[in-house]
Amino acid sequence: MKKLLSIVSAIVMTFLLCACGQNVSATEPEGNRTAPDMAQLESAKQETESEEYNTRSEQNELSMKETSPITLTIGDIVLHGYLNDSIPAQSLISQLPLTVTLNDSDNDFCGGSLDIEYTESDVQSGYKNGDLAFWTPANNFVIFVDDEENFADIGNLVILGKITKSQEVLDALEGTIDVTIANTANSSVFADETEVQTDSVENNTVAEETNVNEITEMDRIENPTITSETEVAEVRVKITVGETELIAVMEDNATTQAIIEQMPMTLSMMDLYEREMCYRYGAYALPTDNLRSDGYAVGDIAYWAPGGSLVILYKQNGEQFERQHLGHIDSGVEIFESTGDVDVTFELVTD
């Protein structure tokens, strides 16, 4: 028996010594264990940055969200916005144009009685200023204008879209308002907003006989502000970087309209990939209606929907990616090669 106990004791001691040996190797100096961990973290960081950079080249495989531009008319005020691609939003679109009476509720305007198709998966809590929503308990249409910092307290919402006007415009709304919602895929801030008017006395006969769209060349010479419905005026934007001013000629599309509605604005833009300046609104934050996938030119201004990125491309690297083209800067864009991250001001040129 003693011999048996001795053998067992020897085996136990051997096991303990082996276990201690393993513990010794596990208590290596901190630096010896930290170095591989830091290398792994740096590798993971580089991998994340690389994935973000390469995502654009994979956009043909992504499902892009379509949005529908709309206007909300309140008396003489016209607010531009968009409805998203959800089933509830499309349900509303099928009913447009539609007029609803909304009451001022401090942080929002709500009212009306909408017949909106939705499921429980569409219902959420929370909003952002400018959001357009459907409040399910009362079937109300809602425009949220304030207090987004307490958004988590508001529930039973189906987010339908967003107003792209600035916060100042939202703050100016007050009282009970009648809102006409219209699907305006073809509306544009680019068309000359001057209505063609004829003198009620001198031109009454001419007005009856002539279609207002058939404007003669002489009319345009005498009054260059007059345009036909199919003619589009050139829209220019001044882009200011420090003391440098650049001029961009903008394209007519839903994204550009949404951005111009926010001007004048100053954005803190990031210098990315040594080829572009970038400001991120948030994924799919702005409407798109003319996506294309091809190469870019130095000076192009574009919108990359998956990141909600407004970009100014100042250097060429041959990349192709799916985007909405917004406009082009003919000269001076090389200023961004030396600015790094910088505040950039955008203003609509009105003269």
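Considering the conditions (1) over 19 Å from residue 81 (Cα atoms); (2) out of contact with any Cys (no Cβ under 7 Å at 6 or more places or on another chain); (3) open to solvent by 60 Å² or more (accessible area, probe 1.4 Å), residue 252 is excluded by exactly one of them, (1). For beta carbons closer than 9 Å, sequence separation of 6+ or different chains, a first residue in segment 266-279 that is assigned to a loop (DSSP other than H, G, I, E, B) and open to solvent by 10 Å² or more (accessible area, probe 1.4 Å) and a second that is modelled with pLDDT under 95 and not acidic (Asp, Glu), the qualifying pairs are 273/53; 273/315; 273/317; 274/315; 274/317. The listed residues are 340, 332, 299, and the only one of them that is in contact with a helix residue (DSSP H, G or I) (Cβ under 6 Å, 6 or more places away or on another chain), within 19 Å of residue 242 (Cα to Cα) and of a type in the set (Gly, Ala, Ser) turns out to be 299.
If only one of 113, 91 is more than 21 Å from residue 261 (Cα to Cα), open to solvent by 10 Å² or more (accessible area, probe 1.4 Å) and assigned to a helix (DSSP H, G or I), which one is it? Can you show your working first?
On the way: 113 fails: assigned to a helix (DSSP H, G or I).
Only one candidate qualifies: 91.
Can residue 333 be described as within 18 Å of the chain's Cα centre (by Cα) and open to solvent by less than 50 Å² (accessible area, probe 1.4 Å)? Taking the combined requirement at face value, the residue does not satisfy it. Checked against the criteria, residue 129 does not count as over 22 Å from the mean Cα position of the chain (by Cα), closer than 18 Å to residue 162 by Cα and either aliphatic (A, V, I, L, M) or surrounded by 12 or more Cβ atoms within 10 Å (Cβ to Cβ) (or both). Return yes when residue 104 is loosely packed, with under 14 Cβ neighbours inside 10 Å and either β-branched (Val, Ile, Thr) or farther than 11 Å from residue 157 by Cα (or both) and no when it is not. Criteria not met by residue 104.
When 252, 289 are checked against the criterion of being in contact with a helix residue (DSSP H, G or I) (Cβ under 7 Å, 6 or more places away or on another chain), assigned to a loop (DSSP other than H, G, I, E, B) and within 25 Å of residue 163 (Cα to Cα), a single residue qualifies: 289.
Set side by side, the residues 171, 178 differ, and just one is within 24 Å of the chain's Cα centre (by Cα), modelled with pLDDT of 80 or more and within 17 Å of residue 73 (Cα to Cα), which is 171.
Being open to solvent by 70 Å² or more (accessible area, probe 1.4 Å), at pLDDT below 90 and of a type in the set (Gly, Ala, Ser), is that true of even one residue in segment 219-240? There is no residue in segment 219-240 that is open to solvent by 70 Å² or more (accessible area, probe 1.4 Å), at pLDDT below 90 and of a type in the set (Gly, Ala, Ser). Residues in segment 132-147 that are open to solvent by 50 Å² or more (accessible area, probe 1.4 Å), assigned to a loop (DSSP other than H, G, I, E, B) and at pLDDT 90 or above: 137, 139.
The values are calculated or read from the model by the stated rules, or taken from the named source; none is laboratory data. For clarity, every value in this text was computed on a predicted model and none was experimentally measured. Using ideal geometry, Cβ is built from the backbone for each residue, glycine included, and neighbour counts are taken over all protein chains shown. For accessibility, only protein heavy atoms count, side chains too; no ligands or nucleic acids. Shrake-Rupley method; radii C 1.70, N 1.55, O 1.52, S 1.80 Å.
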